[in-house]
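Chemist: Next up is a structure, given as structure tokens.
The values are calculated or read from the model by the stated rules, or taken from the named source; none is laboratory data. Only a predicted model underlies this, so the values are computations on that prediction, with no experimental measurement involved. Backbone-built Cβ (ideal geometry, glycine too); neighbour counts: all protein chains shown.
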Amino acid sequence: MPAATLPDVAGVAHNVQALSEGEPLLVVFACNHCPYVRWLERDLGSLIDETGIQAVAITSNDTAGYPDDGPDGMREQMARAGWNFPYLIDEDQSVARAFGAVCTPDFFLYDAQGLLAYRGAFDASSPKNGQPRTGDLLRAAIADVQAGRPVPEPHRPAMGCGIKWKQS
């Protein structure tokens, strides 16, 4: 797991690795404006609560171009989605690059040793494909990791909006 310390919406710094507390950790790259994230955000909050997995969400989008993804939008999203886990701001986008995140939502599930166990989709659904939101792929991966089992491959890739990179 890449080392990272980022502020939350209140400006409090969080060390991402320390959030795991020696347990598996789900790192979700998310944002407020993306219809793919909005499609599953409530179900994601419920899944995290139900499984007891340690979790953190990170937004890495360029907020100059996408102001809805800034702190006010993040607070609104946390309330709307029932997220009870830290939501961090990757202002310089270095953390997204270190993780290799490419879209929102993008899910990275690490085992208790900080090794990547699953990188994939929430489930087979999307806002327009007619498949039901079940969270089955992520839920099964979390169950495997919590039980100390490897997550069978291949992992279905996450699908969503591309991260909004800053112009360099």
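Chemist: Hey, any hits in the stretch 47-55 for a residue that's surrounded by 15 or more Cβ atoms within 10 Å (Cβ to Cβ), assigned to a strand (DSSP E or B) and of a type in the set (S, T, N, Q)? Steps first, answer last, please.
Modeler: Keep residues of the stretch 47-55 that are surrounded by 15 or more Cβ atoms within 10 Å (Cβ to Cβ), which gives 47-48, 51, 53-55.
Filter once more, so that each one left must be assigned to a strand (DSSP E or B): 54-55.
In the following step, the residues that additionally are of a type in the set (S, T, N, Q) were identified as 54.
Yes, the conditions are met somewhere in the stretch 47-55.
Chemist: I've got another one for you. Taking the residues in the stretch 1-41 that are in a helix (DSSP H, G or I) and within 13 Å of the chain's Cα centre (by Cα) as candidates, determine which candidate is nearest to Asn129 (Cα to Cα).
Modeler: Once the filter is applied, the top-ranked residue is Tyr36.
Chemist: Is it the case that Ala141 is of a type in the set (Gly, Ala, Ser), touching a His at 6+ places or on another chain (Cβ under 9 Å), more than 23 Å from Pro7 (Cα to Cα) and free of Cβ contacts under 8 Å to residues at least 60 places away in the same chain? Even if it seems obvious, please write down each step before you answer.
Modeler: Numbers: of a type in the set (Gly, Ala, Ser): yes; touching a His at 6+ places or on another chain (Cβ under 9 Å): yes; more than 23 Å from Pro7 (Cα to Cα): yes; free of Cβ contacts under 8 Å to residues at least 60 places away in the same chain: yes.
So Ala141 passes the test.
Chemist: Go through the stretch 128-144 and give me each residue that's surrounded by 15 or more Cβ atoms within 10 Å (Cβ to Cβ) and either of a type in the set (D, E, K, R) or in contact with a Phe, Trp or Tyr (Cβ under 7 Å, 6 or more places away or on another chain) (or both).
Modeler: Arg133, Gly135, Asp136, Leu137, Leu138, Arg139, Ala141, Asp144
Chemist: Starting from residues that are free of Cβ contacts under 8 Å to residues at least 60 places away in the same chain and of a type outside the set (A, V, I, L, M, F, W, C), keep the ones in the stretch 106-122 and report whichever is nearest to Ala18 (Cα to Cα).
Modeler: Within the stretch 106-122, the first condition is being free of Cβ contacts under 8 Å to residues at least 60 places away in the same chain, and the residues that meet it are 113, 118-121.
This time we only want the ones that are of a type outside the set (A, V, I, L, M, F, W, C), so: 113, 118-120.
Numbers: Gln113: 12, Tyr118: 19, Arg119: 20, Gly120: 23 Å.
In this case the residue turns out to be Gln113.
Chemist: Name the residues in the stretch 56-82 that are under 25 Å from Ser94 (Cα atoms) and assigned to a helix (DSSP H, G or I), would you? I'd like the intermediate steps shown before the answer.
Modeler: Within the stretch 56-82, the subset under 25 Å from Ser94 (Cα atoms) is 56-78.
Passing the criteria: Pro67, Asp68, Asp69, Pro71, Asp72, Gly73, Met74, Arg75, Glu76, Gln77, Met78.
Chemist: Scan the stretch 18-32 residue by residue and report those that are in contact with a strand residue (DSSP E or B) (Cβ under 8 Å, 6 or more places away or on another chain) and in contact (Cβ under 8 Å) with a residue 40 or more places away in the chain.
Modeler: Leu19, Ser20, Glu23, Pro24, Leu25, Leu26, Val27, Val28, Phe29, Ala30, Cys31, Asn32
Chemist: Further question: Within the stretch 145-168, how many residues are of a type in the set (A, V, I, L, M, F, W, C), surrounded by 11 or more Cβ atoms within 10 Å (Cβ to Cβ) and in a loop (DSSP other than H, G, I, E, B)?
Modeler: The number of residues fulfilling the criteria is 5.
Chemist: Hey, among the residues in the stretch 49-86 that are among the hydroxyl-bearing types (Ser, Thr, Tyr) and out of contact with any Asp or Glu (no Cβ under 7 Å at 6 or more places or on another chain), which one's nearest to Lys166 (Cα to Cα)?
Modeler: Among residues in the stretch 49-86 that are among the hydroxyl-bearing types (Ser, Thr, Tyr) and out of contact with any Asp or Glu (no Cβ under 7 Å at 6 or more places or on another chain), the one nearest to Lys166 (Cα to Cα) is Tyr66.
Chemist: Quick check, is Leu109 closer than 17 Å to Pro7 by Cβ and either part of a strand (DSSP E or B) or modelled with pLDDT under 95 (or both)? Give the derivation first.
Modeler: Values: closer than 17 Å to Pro7 by Cβ: no; either part of a strand (DSSP E or B) or modelled with pLDDT under 95 (or both): yes.
Judged against the criteria, Leu109 is not a match.
Chemist: Now for a separate question. Out of Ala96, Ala101, which single residue is within 21 Å of Asn32 (Cα to Cα), within 16 Å of the chain's Cα centre (by Cα), part of a loop (DSSP other than H, G, I, E, B) and hydrophobic (A, V, I, L, M, F, W, C)?
Modeler: Details: Ala96 fails: part of a loop (DSSP other than H, G, I, E, B).
Being within 21 Å of Asn32 (Cα to Cα), within 16 Å of the chain's Cα centre (by Cα), part of a loop (DSSP other than H, G, I, E, B) and hydrophobic (A, V, I, L, M, F, W, C) holds for just one of Ala96, Ala101, which is Ala101.
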